[in-house]
Each structure stands twice: as structure tokens, then as C-alpha cells.
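Notes for the one structure printed next.
The values are calculated or read from the model by the stated rules, or taken from the named source; none is laboratory data. Because the structure is predicted, anything quoted here is derived from the model rather than measured. FYI the Cβ positions are ideal-geometry reconstructions off the backbone, even for glycines, and counts take in every protein chain you see. The accessibility values were calculated without ligands, DNA or RNA, using every heavy atom of the protein model including side chains. Shrake-Rupley method; radii C 1.70, N 1.55, O 1.52, S 1.80 Å.
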Amino acid sequence: KKEGSLQIQPLLVPLVLDFDPGRSARMADHTKRLSTLGFEVEAFGEGSWAVKSCPAELARAPLEDVVRRLLDELDELDTTRAVEEQMDALFSCAACHTAIRAHDRLTGPEVDALLKDMDAIDFGAFCPHGRPVFVEWSQDALEKLFHRR
């Protein structure tokens with residue numbers, strides 16, 4: 001399904017999330033904004049919410065974590081910013097949180113695929129939060145680190 005230029009992925013089985021009363025109220029406040037971002041959510045009993053669709057780009061992401069983090073991000077967003085800016089910020093944040101992280105175990109072929117994918121994308125050297133995604137070490141620096149000089 002497509003809404004505007006955003007590809008929407010309906011979920012075969014809705015994801016049901018339970019929130020404390022405060023977070024549930026915040027979820028109610030943000031349902032329209034979440035819809036703009038491609039998330040169809042609806043109340044599903046006391047303190048529970050059913051996520052029925054999400055942006056196609058996030059369909060393979062750990063959706064529960066993404067929705068919970070987006071809820072926190074929505075609370076902090078400036079309501080005067082343009083929707084497009086908000087969407088960029090939220091998708092950047094969601095992408096960063098769903099990316100491969102330190103201590104994730106990868107196989108050799110997964111490492112190769114990741115490095116090839118990184119070479120194919122012009123994203124700069126930093127994640128959306130400003131952290132470097134790679135560093136370059138000289139031979140001298142490595143030798144010093146391992147007391148070989």
C-alpha cells in the first residue's frame with residue numbers, strides 16, 4: 001500500500017504493545033503523527049495498542065523497539081518543524097536504532113555484504129546521531145597500540 005510517497009506495509013498479525021497509563025495516553029496523543037509516519041495504530045484494550053502497519057522500510061526492523069523509541073522521539077520533537085523534517089529525523093533515528101551495533105555477531109559473508117553496502121551509499125562518515133561509522137588507523141598507530149614500536 002502507498003500513502004503519498006511513503007510505502008506502507010500492513011502487518012499480517014498486528015503487534016500488540018502494552019503501556020503504562022502515562023505512555024498509553026501519549027500514544028493516544030500521537031496516533032495522527034504516527035499515521036503520517038506510516039504507522040497505523042489503534043487502542044486495543046486498557047493500556048494496549050495494536051500496530052497494524054508500518055513503513056515498508058522498517059518492516060524487518062525490531063518493530064516493538066522502533067515504536068517505543070518513536071513515541072519517545074515524538075514527545076521531544078518541535079511541533080513547529082515541517083512534517084518532512086520530522087519524518088527524516090524519525091526515520092534516521094529508527095534506522096540508526098535498527099542497524100548493526102557493537103557486539104552483534106556477524107558471519108564473514110555478512111561482514112562482506114555490509115562493507116559492500118556501505119561502499120554503495122553516500123552517507124558520510126557518521127550515523128544520524130553524529131557518531132562515526134568507521135575509523136581509519138595507520139600502520140604506525142596499530143603498531144603503537146600493540147607495543148610493536
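Label-to-label distance for LEU115 and PHE44 is 4.2 nm, based on points extended 7 Å past Cα in the beta-carbon direction. Calculate what fraction, in whole %, of the accessible area of the stretch 1-51 sits on carbon and sulfur atoms when a 1.4 Å probe is rolled over the protein chains. Heavy-atom surface of the stretch 1-51 belonging to carbon and sulfur, 1.4 Å probe: 53 percent.
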